[in-house]
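Bear in mind these aren't lab numbers, they're just calculated from the coordinates by the rules spelled out. All figures in this text were calculated on a predicted structure; none of them were measured in a lab. With ideal geometry, Cβ positions are generated from the backbone for all residues, glycine too; neighbour counts draw on all protein chains shown.
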Protein chains: 2
Amino acid sequence: MKVVLDAMGGDHAPHVPVMGALQAAKDYGINIILVGDESRIKEELSKYSFPAERIEVVHADESVSMDEQPSRALKKRNSSIHIGTRLLKEGLADAFVSAGNTGAVMAISLFTLGRLEGVERPAISAILPNLKSKTFLLDVGANVDCKPIHLLQFAIMGEAYAKYVLKEENPKVGLLNIGEEERKGNELTKETYQLLKAAKEKGLNFVGNAEGRDIYSGKFDVIVCDGFVGNVALKLSESLANILAKILKEEIESHFVSRIGAITLKPAIRSFKKRIDYEEWGGAPLLGVRAPVIISHGSSSAKAIKNAIKVASQFAESHLNEHIEENIGKYGKINGN
Amino acid sequence: MKVVLDAMGGDHAPHVPVMGALQAAKDYGINIILVGDESRIKEELSKYSFPAERIEVVHADESVSMDEQPSRALKKRNSSIHIGTRLLKEGLADAFVSAGNTGAVMAISLFTLGRLEGVERPAISAILPNLKSKTFLLDVGANVDCKPIHLLQFAIMGEAYAKYVLKEENPKVGLLNIGEEERKGNELTKETYQLLKAAKEKGLNFVGNAEGRDIYSGKFDVIVCDGFVGNVALKLSESLANILAKILKEEIESHFVSRIGAITLKPAIRSFKKRIDYEEWGGAPLLGVRAPVIISHGSSSAKAIKNAIKVASQFAESHLNEHIEENIGKYGKINGN
């Protein structure tokens, strides 16, 4: 197993990506190719001891900044993202991980690797903790204007990911909507509901509409939505969790008795944080392109990068893309097109 | 000030609405007309002592169930919602409050009272606590498919509500989007951005795009979105707050030391709950119809109903609707239409 890591991606590159890579090589025995500015990467590497046989460096002249327009980034053919995805294309590695500019990683991956057979639009997903285990939400930002066929295909890709990578036995797929009943929704979701119902006849485990509250209820393993709604839901969730923790802290500090009790709470709060910690899940798979790509948050820590590399290797081992193409062929097209 | 309350609306009607009404009459000196099944209301009233001169009962033969289709509910002309809104129309009361079927309250209010001059679509709003004070979010479910002009008008109605009812001095208005930059978004938000920018020239305090995280950041006082996105955001928020509290409780209980400390935390947790408690805000104003209507959650407690009645009276006192019509005339139309 060999994973390519964009050493120039993220807010603290190459320092943090290099650290994450070395941890993944040590902890999981994964071979890693670091792509980016060779001298800066080697300088980072010189600070640590690590299993040298597992780490390669491939030089990239250019890098893409976090706020660069994807159309501009596409033209930088010697960027770490371009070179990294080309290594996949040429069969020299099994998966690609980047904590860089999401739009650029998506555009370049699509350009270099191409779409899976039958897939109209790749999607970015998010893995969110829920009361029971986790919810796989897609799309969370790749496609802000969607048609029903796109949501149907997101459902197929999400179901396959939950089954073959996350190892959920019979993942339950839901459509994000504003009510449980079939007749509820906007034009997009009402039409999508009909497509999902038809796909259910052919094997998709579609169980119905999911409401906003179901993203965290654990009632569904996979929830599909357009990328606009998904992006709002994701950012809202991240901030709300932080804000609630902040308010709780303020209240604890303003009550003397509570302040004393709070000290004893530390072990519980540590476990709590671990359970809601997005970094545990490592990164968001980009689904629908011809090789495994994982996009991590720009502010990822070394731990998050390490986990993303692990997820990327699981993605590569799962033969997910073959399953997706098979199911798209079976029930992911309209009128046989 | 006289507020009409739908005594048959909500999961525990007429018991809870009657209790809420009596509390509002006592605590705020507001006169209330209870509309609904007269004998059941009188039976409830007989349980309490209250300022009788402040409470009237108006009988309604029919009632609308919580899951009844709005189109069916519209035909029940003797329902508590129909009769309640007619009392407003006839000038016999100043505002209407219902914890009943949201779609039905909206449809019947619109049918009985009509739209404000120039307003294309009424909107339902939600008042959410944020780090600094509160965010006024609209639409949260009345309009699932929106055009840019609708969002522009939501901005105008929301700004006026924040200013004249919530008494924010110079409320900052944002457009819910997936990035801060002007060029970001889907078709709807990109076009809406241009309309809001134009309205800013004429007086609207539009400060730019808000992201999902800004609903709770306190950076904006008013945030506009289509009713689909708003509904998902609202339901997600309600559930996430509950779920985080549940996870924290589980963790506290599984750590012995923490379990002891938790006892001392009670005062802090009580204040915390009060700060994030949606019931404190009472209900969601329906904006764009010709008289003040407040829609409360079906599961509202008596306290929530009491607060909704107070909010309704503030709405009525504010002359909000005149301000909305004035601003719609000034900068709420496209090409002067």
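So which residue, out of B:L175, B:L236, B:L138, gets the largest mean-square fluctuation from a GNM of chain B using Cα contacts under 10 Å as springs?
The residue with the greatest mean-square fluctuation here is B:L236.
What are the distances, in nm and sorted shortest first, from the label point of B:S49 to the label points of the same position in each other copy, with each label point placed 7 Å from Cα along the Cα-to-Cβ direction?
Copy-to-copy label distances for B:S49: 8.4 nm.
What does DSSP give for chain B in terms of the percent of beta bridges that are antiparallel, rounded to the nearest 5?
30
With charges set only on the Cβ (+1 for Lys and Arg, -1 for Asp and Glu), what does the dipole of chain A come to about its Cα centre, in debye to the nearest 20?
With Lys and Arg at +1 and Asp and Glu at -1, about 500 debye.
For A:E90 and A:K246, compute 0.36 nm times the residue count separating them, minus their Cα-Cα distance, and round to one decimal in nm.
51.4 nm
Which residue fluctuates the most in chain B, going by a Gaussian network model with Cα springs under 10 Å, if the choices are B:N78, B:N242, B:N143?
Fluctuation is largest for B:N242.
Report the antiparallel proportion of the DSSP beta bridges in the protein assembly as shown as a percent, rounded to a multiple of 5.
About 30 percent, rounded to the nearest 5.
Which distances in nm, rounded to one decimal and ordered from shortest, link the label point of B:K75 to the equivalent label points in the other identical copies, with labels set 7 Å from Cα toward Cβ?
Listed shortest first, these distances are 6.3 nm.
Using Cβ contacts closer than 10 Å as the measure, can you line up A:I328, A:I41, B:I108 from fewest to most?
A:I328, A:I41, B:I108
Pick from A:S217, A:S301, A:S133 the residue whose mean-square fluctuation is largest in a GNM of chain A, springs joining Cα atoms under 10 Å.
So, out of A:S217, A:S301, A:S133, the one fluctuating most is A:S133.
Provide an ascending nm list, one decimal, of label-point separations from A:M1 to the equivalent residue in each further copy; define each label point as 7 Å from Cα along Cα→Cβ.
Nearest to farthest, the other copies are at 6.4 nm.
Separation between the A:K26 and A:E187 pseudo-spin-labels, each 7 Å from Cα along Cα→Cβ, expressed in nm?
Roughly 5.6 nm, to one decimal.
Given the pairs A:K306/B:K184; B:K200/B:K310; A:K134/A:K190; B:K172/B:K197, which are separated by over 21 angstrom at their Cα positions?
Going by Cα-Cα distance, A:K306/B:K184; B:K200/B:K310; A:K134/A:K190 fall outside the 21 Å limit.
Pull out a ≥ b ≥ c, the square roots of the eigenvalues of the alpha-carbon gyration tensor of the protein assembly as shown, then state rounded if a/c is under 1.5, prolate if not and a/b is larger than b/c, and oblate in the remaining case.
Prolate is the answer for the protein assembly as shown, as a/c is 1.5 or above and a/b outweighs b/c.
Kindly provide the helix-only [θ] at 222 nm of chain B, computed as the sum of -39,500 (n - 2.57) over DSSP H runs of four or more divided by all residues, to the nearest 500 deg cm²/dmol?
-15000 deg cm²/dmol
With point charges of +1 on the Cβ of Lys and Arg and -1 on the Cβ of Asp and Glu, referenced to the Cα centre of chain A, which listed residue (A:V293, A:Y216, A:I252) lies farthest in the positive direction of the dipole?
Checked the options; the winner is A:I252.
What is chain B by shape, rounded, prolate or oblate, if you read a ≥ b ≥ c off the alpha carbon gyration tensor as root eigenvalues and call it rounded for a/c under 1.5, prolate for a/b larger than b/c, and oblate otherwise?
oblate
Going by a ≥ b ≥ c, the root eigenvalues of the Cα gyration tensor, does region B:18-63 fall in the rounded group (a/c under 1.5), the prolate group (a/b larger than b/c) or the oblate group?
Verdict is prolate for region B:18-63.
On a C-alpha basis, how far is the centre of region B:107-141 from the centre of region A:1-79 in Å? Whole number, if you could?
49
Which Cα, out of A:N231, A:H82, A:G36, lies furthest along the positive dipole direction of chain A (beta carbon charges, K/R +1, D/E -1)?
Farthest towards the positive end: A:N231.
Roughly what would the spin-label model give for A:S71 and B:E253, points 7 Å off Cα along C-beta, in nm?
The answer from the label model is 5.6 nm.
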